[in-house]
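No value in this document is a laboratory result; all are computed from the given coordinates. Quick caveat: nothing in here was measured; it's all calculated off a predicted structure. Note that we place each Cβ from the backbone using ideal geometry, even for glycine, and neighbour counts take in every protein chain shown.
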């Protein structure tokens, strides 16, 4: 029985460098290359992250590729989104084709048929306006002692 368990553990240790997800939700994944097809993961940290018809809550990697999927928070060097969406992108280079992003912070952006709600300047202006509005609300509608 112990020999059987040792062989299973060694197989798992060998498979850590590459991970493919079935249609289910994974927890935390750390590997060199992660490929998710029709599934999802909570946290992914890898050199290369590929998502096809799936989703990730938080992805970190040198190269992140999303096709027909989505990521809530993506941080990395290079990111490509095709027919997908990302809530928050923080990357050196971002390329989007038929994609949607809520917030993008990048040095270089290229895209076709792409909708970005906030870039860095728009997010700063939005934050300042919301701060002023919140300050006015607290001043006029705050508790009086």
Least to most buried among 136, 73 (fewest other Cβ within 10 Å first): 136, 73
Prolate/oblate/rounded label for segment 25-145 (Cα gyration tensor, a/c 1.5): prolate
Percentage relative contact order, segment 67-145, counting C-alpha pairs under 8 Å, at least six apart: 19
